[in-house]
1. What does the charge count around residue 388 come to, taking other residues whose C-beta lies under 12 Å from its C-beta (Lys +1, Arg +1, Asp -1, Glu -1)?
2. Around residue 182, what is the net charge, scoring Lys/Arg as +1 and Asp/Glu as -1 over all other residues with Cβ under 11 Å from its Cβ?
3. Quick check: residue separation of residue 176 and residue 428 times 0.36 nm, minus the Cα distance between them. What number comes out in nm?
4. Please list the non-local residues whose amide H lies under 5 Å from the amide H of residue 258, H modeled 1.01 Å from N, same-chain partners needing a gap of 5 or more.
5. What is the distance in Å between the Cα centres of region 119-193 and region 195-268?
6. Which three extents, in angstrom, do the Cα atoms of region 99-304 have along their principal axes, listed largest first?
7. May I ask for the net charge around residue 54, where only other residues with Cβ less than 12 Å from the Cβ of residue 54 are counted and Lys, Arg are +1 while Asp, Glu are -1?
8. Over 19 Å between Cα atoms: which of 140/191; 136/219; 140/219; 123/288; 129/288; 402/428 fall into that group?
Amino acid sequence: MFEGLTERLGGIFDRLRRHGALSEADVGEALREVRIALLEADVALPVVKSFIAGVRERAIGQEVLRSVTPGQMVVKIVHDRLVEMLSGGEAEAKLRAADGAGIELTGVPPVVVLLVGLQGSGKTTTAGKLAVRLRKRERKRVLLASLDIYRPAAQRQLAVLGEQTETQVLDVVAGEQPVDIARRALDVGRKQGFDVVILDTAGRLGIDERMMAEAAAVKAAANPVETLLVADALTGQDAVHLATAFHEAVGITGIILTRVDGDSRGGAALSMRSVTGCPIRLIGVGEKLDALETFQPDRIAGRILGMGDVVGLVERASELIEKQDAEKLAAKLMKGEFNLEDMAAQFKQLRKMGDLKGMLGMLPGIGKIKKQLDEANIDDKMIARQEAIILSMTPAERRNPKILNASRRRRIAAGAGLTVQDVNRLLKQHQQMAEMMKKVGKMGKRGLFGGGLPPGMLPPGMLPPR
């Protein structure tokens with residue numbers, strides 16, 4: 001997400017930083033380029049105008065022009081303005097604190113969360129993801145209920161998701177209408193002691209009065225604490241218009257933006273908060289059922305400006321990396337040991353963390369080596385290929401790579417369906433990693449954890465070229 005915008009803004013700010021001092025003309029020219037970059041990223045024109053005006057007011061002041069590092073000051077002003085544009089005040093900050101549920105759950109159980117949106121926006125999948133999130137993070141008992149009586153197999157789809165996520169789903173009663181389903185879900189939720197009831201409403205291919213009226217009727221009957229619009233980030237400004245229409249007709253309290261991992265421009269995310277006044281609560285960052293994140297404005301602003309999101313990366317790792325495995329690897333690294341079995345364990349942890357490119361995008365400055373990453377074909381398939389090479393080795397070969405002579409390498413390449421060059425490349429990467437681990441081990445625990453990244457974070461082969 002924001003890939004194109006990050007690249008454009010990175011170039012603009014790099015040129016600004018080269019100036020020893022900035023004139024009003026320098027700042028004005030940079031802001032014109034920022035304006036074009038935002039428009040190309042599909043950010044709504046009124047939002048762009050307001051954003052540029054706010055930055056200009058601060059950037060042309062004495063604070064920047066007399067600063068020791070004027071270029072850096074402009075970047076900071078743009079960052080702060082982005083955070084303001086994406087934030088929703090103190091109440092929203094509390095919901096995002098410590099990356100909790102990300103939504104309002106205050107009320108007498110069962111609290112109701114109503115999901116609305118167009119067909120194909122990912123409502124039903126998001127309902128399953130939200131159930132997983134609430135169960136794991138908040139220890140809530142969740143009941144899912146499908147109110148979509150129009151789309152074939154919609155209710156069955158939610159039932160399957162319930163099985164996959166180990167979440168109870170309301171039984172289907174033939175001929176029951178959406179408002180009646182909502183009332184029955186609430187009744188079951190109260191009688192069986194559920195904490196949260198998630199209502200998945202029907203969608204349409206386009207906005208129509210009947211859909212809006214039905215959603216409004218369900219809302220009136222269920223009295224939800226959250227009415228969340230599920231919108232597809234790939235639809236760009238259409239998603240912004242959709243949010244406005246739903247907010248006016250139904251009254252939404254927040255937005256869940258899906259498929260942000262496929263949206264390189266990010267204009268919808270930057271526009272929605274300003275245009276609708278409704279905060280983006282959560283973002284879908286992948287197909288897996290745990291790929292739902294709290295929308296953190298300061299972290300998103302950091303990603304846009306190429307500063308990365310190391311905090312988010314560490315949080316994701318701490319959730320998915322097994323503590324016992326991490327401690328075992330840490331102990332080996334302290335001794336300066338790192339064999340191919342350890343490398344395979346790292347691959348396993350990386351696959352748990354989801355999309356590799358999305359994860360790398362959270363590292364500071366990664367945008368500046370984007371071209372090299374693209375040329376290196378770094379993706380999930382690369383991890384699978386390298387894992388196949390290691391799995392084609394015997395246990396003795398994994399523990400002691402020094403015994404891998406030419407004939408063994410040919411056998412391993414054939415077993416993995418790859419070339420000897422691929423095997424050699426992996427072994428070179430392992431050697432580089434092993435050398436680095438020895439240096440880290442000599443530095444002790446401070447060297448291992450001082451950077452804030454737990455072991456198993458960086459994919460093998462991502463070391464700087466020699």
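1. Working: positive: 381, 385; negative: 387, 422.
Residues close to residue 388 contribute a combined charge of 0.
2. On the way: positive: 183, 184, 219; negative: 176, 180, 187, 200, 214.
Computed value for this residue: -2.
3. Values: separation 252, 0.36 × 252 = 90.72 nm, distance 6.34 nm.
Full-extension gain reported as 84.4 nm.
4. Here 231, 232, 233, 284 satisfy the definition.
5. Here the two parts' Cα centres lie 17 Å apart.
6. Result, largest extent first: 46, 37, 30 Å.
7. Values: positive: 49, 56, 58, 81; negative: 57, 80, 84.
Its environment carries a net charge of +1.
8. Working: 140/191 16 Å; 136/219 27 Å; 140/219 22 Å; 123/288 14 Å; 129/288 8 Å; 402/428 12 Å.
Correct reply: 136/219; 140/219.
Since every read-out is calculated from the coordinates, none of them should be taken as a lab result. Bear in mind the structure is a predicted one, so any value in this text is a computation, not a measurement. Counting neighbours? That spans all protein chains shown, and the Cβs are built from the backbone with ideal geometry, glycine included.
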